[in-house]
Amino acid sequence: MAEKKKMPLRQKIRLFVQVAFTALSNGYIKGFAEGKIYKGPIKYACVPGLNCYSCPGALGGCPIGSLQATLTSRQFSFSLYALGFITVFGTLFGRLICGFLCPFGLLQDLLFKIPFVKKLRSLPGERFLRFIRYVILAVFVIILPMCIADMVGVGDPWFCKYICPVGTLEGGIPLVLLNKAMRSAIGFLYTWKVTILIVTIVFSILIYRPFCRYICPLGAIYGLFNKISFHRYRIDEEKCTKCGVCQKACKLDIPVYEKPDSIDCIRCGACKDACAKGAITDAIDIKKLAKRL
């Protein structure tokens, strides 16, 4: 019987951070007990990852949900807050947020661990599929909420309402289960959203993080910061032999030796664990920086 590989320390730390942040950002136990959404003062603050405002346990707002809600707001400062929040976190961390601080990212990681006959590295038309998230960002997060508004000038949160499976999992299903009154209001839209969630779950077992790869508009934004963010990867050309081991270790199939700052990289560190030469490092060496300080 083949010996089971031990999880590298870096991955253990990452898993701990993911679980801890998920529990922290959704730690309003009273909300789950009463089937109500927390609406206290800290709910006005955003969390870095994609986390539904309507989750009974959510203590903060979702950056994408907040952005949609404020794009047509007459209080322009709120729109600037949402954009500023995403910009600050993107500048500091890039898509490291996706790898460490996104509850739905954690769920996809766990689903991919479920054994299956054959796991997929990619889907047909992968390069095209990865740009769908930018279409969703432009159309459903920005254009439609800004251009189509109701009688009082407020636009619909199109992405959250019609696409996002995170809202269904964290908000829609728990609230329906906990509130009898809401069960009678279930209609086509709820069925549609549950279907999207089921499809996402099934594909998450087959291929690593399909929602992050093809759909997530927040990941699309953070990915644009990967090349300039405070935290990014660097390839030591003297050590790198271009053996491709880093790409084999990467579940997103990124040729890290060629594109260390790919817009798809979630900074999970699997490539760094796999590189025997130690050719992949952080652009800013934290240890050296600490010694200088």
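Computed from the coordinates by the stated procedures, all read-outs in this text should not be read as laboratory data. Computed from a prediction, not measured in an experiment: that's the story for all the values here. Cβ placement follows ideal geometry from the backbone for every residue including glycine, while neighbour counts extend to all protein chains displayed.
Which lysines, if any, have their Cα less than 16 Å from the Cα of LYS227, not counting same-chain residues under 8 positions apart? Cross-link targets: LYS259. Counting only residues at least eight positions apart within a chain, or on another chain, the aspartates and glutamates with an alpha carbon under 12 Å from that of LYS248 are ASP273.
Can you tell me the relative contact order of segment 1-61? Whole percent, Cα pairs under 8 Å, sequence separation 6 or more. The value is 34 percent. Rounded to the nearest 0.05, the FRET efficiency derived from the C-beta distance between LYS6 and ILE114 at R0 = 30 Å is 0.90.
As a check on your grasp of the helix formula, calculate [θ] at 222 nm for the chain: sum -39500 (n - 2.57) over DSSP H runs of n ≥ 4, divide by the residue count, round to the nearest 500. Display every interim value, and only then the final one.
Working: 18 runs with 142 residues, N = 293.
Helices in the chain give a 222 nm mean residue ellipticity of -13000 deg cm²/dmol.
Once the Kirkwood radius over Cα pairs is known for segment 163-252, the Stokes-Einstein relation at 10 °C and 1.306 mPa s delivers a diffusion coefficient of 96 µm²/s. Oblate is the label for segment 90-146. Its Cα gyration tensor axes, ordered a ≥ b ≥ c, give a/c of at least 1.5 and b/c at or above a/b. Note on ILE186 and LEU24: the model spin-label points, each 7 Å out from Cα along the C-beta direction, lie 3.5 nm apart. Phi-derived couplings, Karplus 6.51 cos²θ - 1.76 cosθ + 1.60 at θ = phi - 60°, listed residue by residue for segment 188-196: 4, 4, 5, 4, 4, 5, 5, 4, 4 Hz, with x used for Gly and Pro. Sorting 187-196, 134-143 by average packing, meaning the other beta carbons within 10 Å per residue, from highest down gives 134-143, 187-196. With a cut-off of 15 Å, note down the residues of segment 191-233 whose backbone N falls inside the zone around a label point 7 Å from the Cα of TYR134 toward its beta carbon. Taking a point 7 Å out along Cα→Cβ of TYR134, the residues of segment 191-233 whose backbone N falls under 15 Å are 213-227. Among the listed values (1) 16.5; (2) 19.0; (3) 20.6, the one computed from these coordinates for mean projected area of the Cα convex hull in nm² is (2). Determine the shape class of segment 17-105: with a ≥ b ≥ c the square roots of the Cα gyration tensor eigenvalues, call it rounded for a/c under 1.5, and otherwise prolate if a/b is greater than b/c, oblate otherwise. It is oblate, given that a/c is not under 1.5 and a/b is not larger than b/c. Identify the residues of segment 26-52 with backbone N under 18 Å of a label point that sits 7 angstrom from the Cα of MET146 along the Cα-to-Cβ direction, or state none. Once the point is set 7 Å along Cα→Cβ of MET146, nothing inside segment 26-52 turns out to lie under 18 Å by backbone N.
Peptide packing for 84-91, 204-211 was compared via the average number of neighbouring C-beta atoms within 10 Å per residue; ordered from the highest value, the list is 204-211, 84-91. The phi torsions of segment 210-227, fed into the Karplus equation with coefficients 6.51, -1.76 and 1.60 and a -60° offset, translate into couplings of x, 5, 5, 5, 10, 10, 4, x, 5, x, 4, 5, 4, x, 5, 8, 4, 6 Hz, rounded to whole numbers, with Gly and Pro shown as x.
If packing is taken as the average number of other Cβ atoms within 10 Å across a peptide's residues, how do 110-119, 163-172 rank, most packed first?
Numbers: 110-119: 10.6, 163-172: 24.2.
Result, highest mean first: 163-172, 110-119.
Within the straight-line cut-off of under 23 Å between alpha carbons, the lysines reachable from LYS180 are LYS30, LYS36, LYS39, LYS161, LYS193, sequence neighbours fewer than 8 places apart in one chain being disregarded.
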